[in-house]
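Reviewing the structure listed below.
The values are calculated or read from the model by the stated rules, or taken from the named source; none is laboratory data. Quick caveat, the model's predicted, so the values are computed rather than measured. Because the Cβ atoms are built from the backbone with ideal geometry, glycine has one as well, and the counts that use them run over all protein chains shown.
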Amino acid sequence: MGEVVWLDGMESADWKAAILSERAWVMGHVLTADRRFLLVVHDPDLVGPWLARHRGMFDGVEVWSLDGDQLERLA
């Protein structure tokens, strides 16, 4: 089970971080899925620092970044 988070068009870094935290928290509570992931689109510069701060809130949830045609697993 996964979710794609589109950050394109959101101007506030705080708003983007709040959206990411909310989605990670929800994915972290889905216990019946074999695999859980969060795919963040269009803001690789935000995801790294957010990940460093909030890594503990999404234990077992894969975090991916997609920027253009570049797909990268971050956690």
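Could you grab me the full set of residues in segment 33-60 that are assigned to a loop (DSSP other than H, G, I, E, B), touching a helix residue (DSSP H, G or I) at 6+ places or on another chain (Cβ under 9 Å) and at pLDDT below 85?
Start the filter on segment 33-60 by keeping residues that are assigned to a loop (DSSP other than H, G, I, E, B), which leaves 33-35, 42-43, 59-60.
From what is left, the residues that are touching a helix residue (DSSP H, G or I) at 6+ places or on another chain (Cβ under 9 Å) are 33, 43, 59-60.
Passing the criteria: Asp43, Asp59, Gly60.
Collect the residues in segment 19-30 that are modelled with pLDDT of 85 or more and not in a helix (DSSP H, G or I), keeping them in residue-number order.
Result: Val30, single match.
Is it true that some residue in segment 30-53 is free of Cβ contacts under 8 Å to residues at least 12 places away in the same chain and on the phi > 0 side of the Ramachandran plot?
Among the residues of segment 30-53, not one is free of Cβ contacts under 8 Å to residues at least 12 places away in the same chain and on the phi > 0 side of the Ramachandran plot, which makes the answer no.
Got a sec? Which of Val63, Val30 is surrounded by 11 or more Cβ atoms within 10 Å (Cβ to Cβ) and touching a helix residue (DSSP H, G or I) at 6+ places or on another chain (Cβ under 9 Å)?
Values: Val30 fails: touching a helix residue (DSSP H, G or I) at 6+ places or on another chain (Cβ under 9 Å).
On inspection, the qualifying residue turns out to be Val63.
Across segment 45-60, what is the total count of residues that are crowded, with 16+ Cβ neighbours inside 10 Å and farther than 16 Å from Glu3 by Cβ?
Of the residues in that region, 1 qualify.
If Trp6 meets every condition in (1) exposed (fewer than 15 other Cβ atoms within 10 Å of the Cβ); (2) in contact with a helix residue (DSSP H, G or I) (Cβ under 9 Å, 6 or more places away or on another chain); (3) aromatic (Phe, Trp, Tyr) apart from one, which number is that one?
All conditions pass for Trp6, except number (2).
Would you check if Glu72 is modelled with pLDDT of 85 or more, within 10 Å of the chain's Cα centre (by Cα) and exposed (fewer than 15 other Cβ atoms within 10 Å of the Cβ)? It would help to see each step written out before you state the result.
Details: modelled with pLDDT of 85 or more: yes; within 10 Å of the chain's Cα centre (by Cα): no; exposed (fewer than 15 other Cβ atoms within 10 Å of the Cβ): yes.
Here the answer is no, as Glu72 does not meet what is asked.
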